[in-house]
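J.: Okay, here's the structure, questions in a sec.
The values are calculated or read from the model by the stated rules, or taken from the named source; none is laboratory data. Quick caveat: nothing in here was measured; it's all calculated off a predicted structure. Cβ coordinates were reconstructed from backbone atoms using ideal geometry, including for glycine residues, and neighbour counts include every protein chain displayed. For the accessible areas, the whole protein counts, side chains as well, though only heavy atoms, and no ligand, DNA or RNA atoms are used. Shrake-Rupley method; radii C 1.70, N 1.55, O 1.52, S 1.80 Å.
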Amino acid sequence: MIRKATLLAALSAALLAPLVAAVPGAAATKTSASLAARQSLTVSITSITPDVPKNVTDVIKITGTVRNGTGAPMSGLQVRLRYDAQKVTDRAAMAAYLSDQNNQTLPFNVSTRNSFMDIPPLAAGASQRWEITATPVQLGLREFGVYRIAVDVAQFRVPVTAERTMLTYAPVTPQRPPRNKLAVALPVIDQPHRAADDNLFVDDKLSQSLAGKGRLADLLQIAQSAPASVTWVVDPALLDDLNAMTKGYKVKTKDGDQAKPASTAAGQWLTGMRTALASSPVAALPYADPDVAALAHQGFDTQTKRAIELGGQSTRALLSRNAKTNVNWPAAGVLDADALDLLAVSGVNRVLLNSTNLPPQQPVTTTPDAAATLDSVSGPVTALVADAELSKLFEPAAGTSVVLSTQRFIAETAMISSEAGQLLPRSLVVAPSRRWSPNPTLVTALIKTAGRLPWLQLAPLESLKPGKASVPRAGLTYTDQDRKEELSKKYLAPVADAWSKAQLTSLITAEKTQSRFDAAVLRLTSSAWRNSTRAGRAATKLVSAAVDAQTNKIQITGSGPDRPRTLAGSNGVVPISVKNSLSTPVELYIEVRSNNPELLLVNWRKELPIGGGQIGTVQVPMSAAPDTSGDATVTVELRTADGQVYGKPQRLTIRTTGYTGIALVIVGAALTVMLAAVVTRLLRRRSQRRLARAKTRESESV
């Protein structure tokens with residue numbers, strides 16, 4: 001029989017060899033793997049009931065499917081349950097067992113009673129369902145713990161392939177394991193899809209995400225069935241983008257802007273999430289999920305606080321009135337002391353971190369408590385460290401079995417509760433990657449399972465606090481690689497320029513409100529651009545253009561070197577006008593200084609309030625230098641109340657005559673003489689006309 005199996009394997013290898021050899025290099029490897037996947041015998045487990053047996057007599061039923069993908073008929077097949085009566089000692093041993101693909105390391109014990117099933121001859125491409133049963137006593141299970149099991153397919157009693165999993169046995173015992181708190185934090189985070197605060201979108205990915213099996217549709221499905229203890233971490237910019245879609249929008253394309261009708265799906269999603277999360281804790285991220293570490297390192301000291309304020313406002317308006325902003329989940333779940341301080345001074349007192357960012361002070365063989373305390377410039381901050389293995393189970397690779405993921409989750413949490421020396425309840429945190437694409441069936445199944453396991457207690461993220469079970473942590477570990485992944489100084493330089501200009505547009509308004517561009521510029525700092533800087537730079541150009549267009553609505557009129565103004569005399573005034581094309585009144589200062597003090601003297605500053613849609617004019621006193629004349633230039637600047645330059649400075653040309661006092665006397669005397677001469681001439685002409693008329697009358701009388 002063994003010879004037959006060996007011969008079949010040899011024939012399969014011989015048939016595959018020419019196909020693999022025909023494809024060179026990496027293509028050969030890929031083709032080989034693909035062919036191996038298609039041309040092999042596979043076994044899959046589709047159900048295990050009960051998933052946690054509690055009595056020695058419980059009948060454990062395991063079902064699944066065998067598929068013959070070898071391309072040839074197969075006979076002599078048998079599905080068998082393999083098991084180990086010794087419980088697994090720790091989580092690392094369990095992970096090693098499940099990742100091993102060597103048939104030689106399968107559990108040694110092979111079922112001999114009902115826990116096997118003969119498979120009839122299986123045609124090429126055919127599948128056969130199977131079912132095997134066993135009881136804990138048959139498997140030799142005696143105490144609470146996690147045990148290795150596997151289902152293998154043997155041909156003529158020689159193992160061909162197997163599916164590994166874990167079985168947790170939880171009999172009622174006098175001393176029950178500690179009931180650990182489990183907080184599940186689910187992210188609703190995306191990348192910005194708009195640049196400026198208008199209805200122009202840079203792409204139409206959100207509409208795709210809302211439809212069918214789209215990412216946002218899946219998140220809504222999870223939210224509608226999740227218990228109120230699950231914490232939702234939301235990016236407010238996503239909510240804003242969806243809200244903009246409900247009013248009709250445009251999408252930027254290569255051929256121009258494409259008009260889109262108001263999105264019913266976006267409105268339904270927002271309504272559905274509001275309803276589903278009405279009783280759930282919602283944590284609002286800073287608006288647009290900015291790269292806080294990069295902001296801290298590049299001198300953006302005010303943007304994080306503004307992002308937190310704006311994030312809270314948007315989330316409370318569009319999703320949940322009870323949304324909080326004191327919890328932060330940094331990019332990649334890692335931060336350093338600078339970023340922590342920036343968050344702390346902005347009101348954050350809880351941070352959700354990756355386990356690599358805050359490792360235990362000393363190596364541990366058990367699972368450390370998730371909660372720890374960090375010191376910041378604003379006092380203590382609670383750090384909540386996500387469990388890496390548990391979090392991965394919520395977003396496995398494509399094609400992962402829901403059944404096996406659930407069994408793994410049960411086993412992981414059971415093992416944590418029964419680790420040696422752990423008598424006090426601990427806290428655990430599940431946090432899948434921040435921009436995940438969830439499987440609703442899997443996530444819902446895991447959360448539902450967590451809610452019924454006797455060694456777990458689902459709890460909101462904010463309820464976790466450092467306690468007696470906490471272990472000393474080594475402090476924030478921020479590597480060079482973490483620093484390299486931040487948004488770069490080069491990327492953020494034009495963003496900083498856009499932010500500065502945007503702030504000026506609000507400083508000149510009479511109300512001194514927040515800049516209307518705050519949300520737009522914060523989108524440019526999103527951590528989403530870490531892996532897509534080209535898209536971020538394109539958005540930066542759009543926002544910068546919008547800010548410049550707003551700035552240019554206030555302009556100095558009649559400026560330019562080709563339009564000189566004349567200053568008659570050594571002293572005089574020159575009118576300068578500023579046009580406000582905004583609909584709101586502004587208050588700014590106008591400042592004028594000479595660029596040619598040897599010709600023209602002026603250094604003048606005055607407040608200039610201008611109504612919406614109006615023009616403001618000031619009379620600027622200027623003085624020409626003595627005994628000079630010619631063209632001089634002055635620089636005219638608009639400034640905010642605190643002295644910052646608004647817009648581009650303008651240059652005016654001033655033409656000076658340079659007349660002195662003596663020159664004016666001479667000119668005056670000359671004018672007097674000329675006037676006297678003119679008067680004398682007029683009188684002489686009148687006298688001559690009178691004499692002529694008198695002679696005429698005398699001649700007529702004769």
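J.: Among 447, 460, 476, pick out the residue whose Cα is farthest towards the positive end of the charge dipole of the range 409-480, where Lys and Arg carry +1 and Asp and Glu carry -1 on C-beta, about the Cα centre.
T.: The residue sitting farthest along the positive end of the dipole is 460.
J.: Now for a separate question. Count neighbours as other Cβ atoms within 10 Å of each site's Cβ, and list the chymotrypsin sites (Phe, Trp or Tyr not before Pro) in the range 97-135 that are DSSP loop with at most 15 such neighbours.
T.: On the way: sites: 97, 108, 116, 130; in loops: 108.
Hits after loop and neighbour filter: 108.
J.: Here is a further query. Just the number, please: percent antiparallel of the DSSP beta bridges in the chain, rounded to the nearest 5. Present the calculation step by step, with values, prior to reporting the outcome.
T.: On the way: 95 of 122 bridges.
Bridges in the chain are about 80 percent antiparallel.
J.: Among 621-632, 288-299, 449-460, how do they line up by average Cβ neighbours within 10 Å per residue, starting with the highest? Let's see the in-between values first.
T.: Values: 621-632: 16.6, 288-299: 24.6, 449-460: 18.1.
By packing density, highest mean first, the sequence is 288-299, 449-460, 621-632.
J.: I've got another one for you. Just how far, in whole angstrom, is the range 566-638 from the range 437-505 if you go by their alpha carbon centroids?
T.: Centre-to-centre distance over Cα atoms comes out at 54 Å.
J.: Can you give me the accessible area per residue for the chain, using a 1.4 Å probe, in Å²?
T.: On the way: 34000 Å² over 702 residues.
Computed with neighbouring chains in place, this is 48 Å² per residue.
J.: Using a 10 angstrom Cβ neighbour count of at most 12 plus a DSSP loop assignment to flag exposed GluC sites (Glu not before Pro), which longest range of the chain is free of such sites? Working shown, then result.
T.: Details: sites that count: 143, 511, 598.
Longest site-free region, per DSSP loop and neighbour criteria: 144-510.
J.: Same structure again: Let me have the relative contact order for the range 339-421, percent, based on Cα pairs under 8 Å that are six or more residues apart. If you can, show how the numbers build up before the last one.
T.: On the way: 73 pairs, mean separation 26.0, N = 83.
Computed value for the range 339-421: 31 percent relative contact order.
J.: Please list, by residue number, every one of the trypsin sites (Lys or Arg not before Pro) in the range 126-231 that is coil in DSSP and has at most 14 other beta-carbon atoms within 10 Å.
T.: Details: sites: 129, 142, 148, 157, 164, 179, 181, 194, 205, 213, 215; in loops: 142, 157, 179, 213.
Here the trypsin sites (Lys or Arg not before Pro) that fit, given the DSSP loop and packing criteria, are 142, 157, 179, 213.
J.: Summing -39500 (n - 2.57) over the DSSP H runs of n ≥ 4 in the chain and dividing by its residue number, what mean residue ellipticity at 222 nm do you reach, to the nearest 500 deg cm²/dmol? Don't skip to the answer; put the middle values down first.
T.: Values: 18 runs with 239 residues, N = 702.
Dividing the helical sum by the residues of the chain leaves -11000 deg cm²/dmol.
J.: Highest mean first, what order results for 258-266, 545-553 on Cβ atoms within 10 Å? Before the final figure, lay out the partial values.
T.: Values: 258-266: 14.1, 545-553: 15.9.
Per-residue mean Cβ counts within 10 Å order the peptides as 545-553, 258-266.
J.: Let me ask another. Of the heavy-atom accessible surface of the range 493-552 (probe 1.4 angstrom), what whole percent is carbon and sulfur? Each step should come with its number before you reach the end.
T.: Values: 1310 of 2480 Å².
Whole-percent figure for carbon plus sulfur exposure: 53.
J.: Okay, moving on. Please give the Cα centre distance for the range 399-416 versus the range 268-310, rounded to the nearest Å.
T.: About 32 Å separates the Cα centre of the range 399-416 from the one of the range 268-310.
J.: Given an 8 Å cut-off on Cα distances and at least 6 residues of separation, report the relative contact order of the range 266-397 as a percent.
T.: Working: 189 pairs, mean separation 28.3, N = 132.
The value is 21 percent.
J.: Residues with amide H under 5 Å of residue 328's amide H, sequence separation 5 or more or different chain, H placed in the peptide plane at 1.01 Å from N; which?
T.: Placed amide hydrogens put 350, 351, 352 under 5 Å from residue 328.
J.: Of the labelled options [x] 1.31; [y] 1.27; [z] 0.95, which one gives Rg/Rh (Cα atoms, Kirkwood Rh) as computed for this structure?
T.: Here the calculated entry is [y].
J.: Related question: Compute the relative contact order of the chain as a whole-number percentage, counting only Cα pairs closer than 8 Å that sit 6 or more residues apart in sequence.
T.: Working: 1419 pairs, mean separation 75.1, N = 702.
That works out to 11 percent.
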